[in-house]
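FYI, it's all coordinate maths here, none of it is from the lab. Since the structure is predicted, the reported quantities are computational estimates derived from the model, not experimental observations. Don't worry about glycine lacking a Cβ; one is built from the backbone with ideal geometry, like all the others, and counts go over all protein chains shown.
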Amino acid sequence: MKSAFVTVGTTSFDDLIACVAAEDSLRILKNLGYNRLVLQIGKGTVVPEPFSTESFTLDVYRYKDSLKEDLQQADLVISHAGAGSCLESLEKGKPLVVVVNEKLMNNHQLELAKQLHKEGHLFYCTCSTLRGLLQSMDLSTLKCYPPGQPEKFSAFLDKVVGLQK
Amino acid sequence: MVSILILTAAVGAVTILLVQRLWAVFRPHHVTPRKSLGLLIVAGSGGHTTEILRLVGSLSHAYSPRHYVIAESDEMSASKIHALERSRAERDSPTKCPQYHLHRIPRSREVRQSWLSSVFTTLNSMWFSFPLVHRIKPDLVLCNGPGTCVPICVSALLLGILGIKKVIIVYVESICRVETLSLSGKILWHLSDFFIVQWPALKEKYPKSIYLGRIV
């Protein structure tokens, strides 16, 4: 069972949902060996009809308290550029494709996705280039995302506040 | 008329703050040796809370008691804080009650609220923040950018100006900020004792900031 998870967070991203649930995209995903697609659509107005056949299952929901489980089960995450979604996927070591919403320009959230893309941790595209990317990308080229080092922060703080061990 | 008076008073207060701050900044800092220190943590909502709790999770027991400030109605942050403190307690001293407190204040700024009306809502939350900070008298305020942290830090600064207590203000800019500071960051750049950024591009733009690598 190989599954892809699409998440738009607490916002809506109708173009992405429409694009990824279209017949062409589903065919591409099937060809790549995926047999399950889960869509978390948030406040979106595009609500694809879920279905389940022998070879492919499409699940659709708006929100859940925690997306952890769906992220954990995913072999590929396709996400909006929200920082929370990006970081959580990378921390779980999931291959990540970030789809930029061109209708939301000057969104500061893009800063992080762009930077992480520059460093080779994720793929980055728009709705119109998503299908091409899915077909051409090589997930093995992605670099793993090392965990942050809060201990450096505590060591720094201990020193500057004069904490005696 | 009243609003003009309030505005004038606010501008006056800010001017005094800046003058005092300039003086404090140019004065050499003395590191006071200590065994423990009281911590006030400003948790915001969503991503801000996740980030700051990772930092709090790395701090030793010397940072005690820990006072968390959250925005009213932010149940998500409250449950994340309880979870962190529970796991700390289980890890370190299962028999002792965890030393932490949760405080709620009104939101100072909703996402996309206009700048001018933010000034007034921030003044309103000052009304709640100052008595709170005065009661807690923390040694250190730790925050990372939710709007709520501005009135809290201004209150902490006021404690110093009034000669009640010098509070150390530590600001950690969110990991989301790669090239530009958040609005809170731009304000607290002037008010904090230690300003930490997590991307090299920001360190270049703000050379006096502290860059320790990615810490969350």
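So the values come out like this:
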quantity	calculated
Cβ-based exposure ranking for A:12, A:52, in which fewest neighbours within 10 Å come first	A:52, A:12
Sites residue A:115 and residue A:53 - FRET efficiency at Förster radius 30 Å, r taken between beta-carbons, to 0.05	0.15
Centroid-to-centroid separation of region A:29-97 and region A:111-157 [C-alpha atoms, Å]	17 Å
Structure-based [θ]222 nm, the protein assembly as shown - -39500 (n - 2.57) summed over DSSP H runs of at least 4, per residue, nearest 500	-13500 deg cm²/dmol
Amide hydrogen neighbours beyond the local backbone of residue B:68, cut-off 5 Å, H modeled	B:41, B:101, B:102, B:103
5 angstrom amide H check on residue B:37, placed H, neighbours 5+ away	B:63, B:64
Antiparallel %, DSSP beta bridges [both residues in chain A], to 5	10 percent
Long-range HN-HN contacts of residue B:168 with modeled amide H, under 5 Å	B:140, B:141
Projected area averaged over orientations for region A:34-111, convex hull of C-alpha atoms, nm²	5.9 nm²
In region A:126-163, trypsin sites (Lys or Arg not before Pro) in a DSSP loop with at most 14 other beta-carbon atoms within 10 Å	A:143
Number of Lys pairs (Cα under 15 Å; 8 or more positions apart or on different chains) in region A:3-160	7
Label-point gap, in nm, between residue B:5 and residue B:120 - each point 7 angstrom along Cα→Cβ	1.7 nm
Relative packing of B:146-156, A:16-26, which averages over residues the other C-beta atoms within 10 Å, highest first	B:146-156, A:16-26
Computed label-point distance, nm, for sites residue A:91 and residue B:127 using a 7 Å Cα→Cβ extension	3.7 nm
Cβ-based exposure ranking for B:103, B:82, B:67, in which fewest neighbours within 10 Å come first	B:82, B:103, B:67
Pairs of Cα atoms farther than 20 Å apart, region A:37-165, %	55 percent
Karplus (6.51, -1.76, 1.60) ³J(HN,Hα), θ = phi - 60°, over region B:149-165, in Hz, Gly and Pro reported as x	6, 5, x, 5, 5, 4, 4, 4, 5, 4, 4, x, 5, 7, x, 7, 6
From phi via Karplus (6.51, -1.76, 1.60), per-residue ³J(HN,Hα) for region A:137-153 in Hz, x at Gly/Pro	6, 10, 4, 6, 7, 6, 8, 6, 9, x, x, x, 10, x, 5, 5, 5
Backbone HN-Hα couplings from phi across region A:25-33 [Karplus 6.51/-1.76/1.60, Hz, Gly and Pro as x]	5, 4, 5, 4, 4, 4, 4, 7, x
Selected from B:176, B:163, B:61, residue furthest toward positive end of dipole (the protein assembly as shown; charges at beta carbon)	B:163
Selection of GluC sites (Glu not before Pro), region A:92-165, meeting DSSP coil and at most 13 other Cβ within 10 Å	A:102, A:119
Calculated over chain B: convex hull of Cα atoms, volume per residue (Å³)	131 Å³
Antiparallel content of DSSP bridges confined to the protein assembly as shown, in %, to 5	5 percent
Relative exposure of A:137, B:126, B:1, judged by other C-beta atoms within 10 Å (fewest first)	B:1, A:137, B:126
Simple label model, 7 Å out from Cα along Cβ direction - residue B:79 to residue A:43, nm	2.1 nm
About the Cα centre, charge dipole magnitude for the protein assembly as shown (Lys/Arg +1, Asp/Glu -1 at Cβ), debye	1520 debye
